[in-house]
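Working notes, structure below.
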Amino acid sequence: PKPTPKPTKKPTPKPTPKPTKKPTPKPTPKPTKKPTPKPTPTPKPNGSGDRIIDGDFEEKSKAWDLSSGARLENVAFSGRTGLHLPNDKATAMQTVELVKGRTYRFTCAVTKFSAVSLMILRNNAAVARNSDPHTEELNMTWGEKTLRFTPNVSGEFELAIRAAAGVSGYADYCSLRTDSDRPRRQRSVSKMPEVTAATALSDGQFLRNPSFNNGVRAWSTYGKAQFKRYISQDKDNFSMELTKRGGFVVQLIVLRANRDYTLTCFARTTAGQLRVGVESRALGNRRRVVTSKSISSPGWTRVRLEFKTAGNVLPYGIFFQTKSGSAAYVDNCELV
C-alpha cells in the first residue's frame, strides 16, 4: 500500500489592517478686516507767512520735539503757555523747509535774565546761531531775539531753541519769516506781570506768586524743592517746601538801578538751616550774592533783608536754599 501523504500546511491568513481615520480638516478662518486707521492730521503753519507750527506753544502740538527736560509751562509773553528750558541741554526743535538764497528771520521772545540761544541746523550740525545775551526790549521781563539766515541749498533744516550753560530760561511767540511777509499779530498781552520804571511801589508788587498760592509758577526749583499744601504761615494752605535732600528755589526779576529794596519772608525749619538771600545776575549769568541770612527755627520766623541795587539795570534772584539734611518751609514773601 502507498503511504498516506502528509497534509500541506496552509499559511494562516494575515488580518486585513483597518484603514487609518484621517482627521477632517478644519476650514481656514477668514481674516477679520481691520479698519484702516485714519491718519493724524498734520498741523499747519500759522498764517501771515509764518513757517513755524505752533510758534506760541498754545496748541501744544507735536510739531516741537522737546528733549532733556524742555517743557511747556504757564509762563508766557503772549497767551498762556510758553517754553521752559530748565538747563543748558534742554532743547526744542522743529523741522522746516527752506529755499536756497532766500533770507529768513527766526525770532522768539525770550526772558531777558537768561541767555537763550536760537540755532538753525542742517544734518544735526549748526549752520547759524545767535547766542548774544542782548535782546531788543519788549517789556521789563521779555526781550526779542532774532537770527537771520540765508541757506545756500534748498531742503529741510531744524530750528532749535536752547538755554545757555548754567542757566534756565523761557521762550515764546516764535516765528520764521522773510522780509516780504506781513508782520505777525500778537494774540494777547502777556500773563506774566511786568514792572516798569514808572510803576509806583506797593507791597508785594515785585514778586510774582509771593505766597505760592499758584503752585511754583514764576519760581524755578532745583533739587528737592516742591509746592506744599496744608502747611502755611497764614492758614491759606500753601507754601514752598525744601526737603532734607537739599533744594534751591529762585525767582528772577529785573530791578531798577541805584534803588533800596527790602525783602521779607516767613520761614520755618524742621531740620538744619535755611538760607534766604538775594543774588545779582550779570551778563553771561555770572552770579554774585548781594545779601543773605540763615535761620534755624521750628516756628514761623520773619526774615528781613535790605539791599541796594547796582548802578546799572540787572536781573536779581530771590532765593531759598537748603543743604542735604536740612528741611524748611517758606511762605508770604514781599519785595518792596
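Largest first, the residues ARG71, ARG105, ARG177, ARG129 sort by 1.4 Å accessible area into ARG129, ARG71, ARG105, ARG177.
Placing +1 on the Cβ of every Lys and Arg and -1 on the Cβ of every Asp and Glu, with nothing else charged, gives the stretch 64-127 a dipole about its Cα centre of roughly 220 debye.
Across the stretch 207-336 the C-alpha pair distances fall into 5 Å bins from zero in the proportions 2, 12, 22, 25, 21, 11, 6, 2, 0 percent.
Which one, MET240, ASN312, SER324, projects farthest toward the positive side of the charge dipole computed for the stretch 211-324 from Cβ point charges (K/R +1, D/E -1)? Result: SER324. Cβ-Cβ distance of GLU144 and GLU306, R₀ of 35 Å, FRET efficiency by 1/(1 + (r/R0)^6): the value works out to about 0.50.
Sort largest first and round to whole Å: the equivalent ellipsoid semi-axes of the stretch 51-106, each the square root of five times a Cα gyration tensor eigenvalue.
Values: eigenvalues 99, 41, 21 Å².
Its equivalent ellipsoid spans semi-axes of 22, 14, 10 Å.
Ordered from highest to lowest accessible area with the whole protein assembly present and a 1.4 Å probe, VAL110, VAL289 read as VAL289, VAL110.
Taken over the alpha carbons of the stretch 224-296 as equal point scatterers, the Debye sum produces base-10 log I(q)/I(0) values at 0.13, 0.18, 0.22, 0.24 Å⁻¹ of -0.50, -0.89, -1.17, -1.28. The magnitude of the dipole of the stretch 225-336, with charges of +1 and -1 set on the Cβ of Lys/Arg and Asp/Glu and taken from the Cα centre, is near 360 debye.
Across LYS145, LYS228, LYS235, LYS100, the residue with the most accessible area heads the list, and the full order at a 1.4 Å probe is LYS235, LYS100, LYS228, LYS145. With an 8 Å cut-off on Cα pairs and a minimum separation of 6 or more residues, tell me the relative contact order of the stretch 209-262 in percent. Answer for the stretch 209-262 is 34 percent. Taking the square roots of five times each eigenvalue of the Cα gyration tensor of the stretch 266-336, the equivalent ellipsoid has semi-axes of 25, 14, 8 Å, listed largest first.
The values are calculated or read from the model by the stated rules, or taken from the named source; none is laboratory data. Bear in mind the structure is a predicted one, so any value in this text is a computation, not a measurement. Positions of Cβ are backbone-derived with ideal geometry, glycine not excepted, and every protein chain shown enters the neighbour counts. Accessible surface is based on the protein model in full, side chains and every heavy atom, while ligands, DNA and RNA are left aside. Shrake-Rupley method; radii C 1.70, N 1.55, O 1.52, S 1.80 Å.
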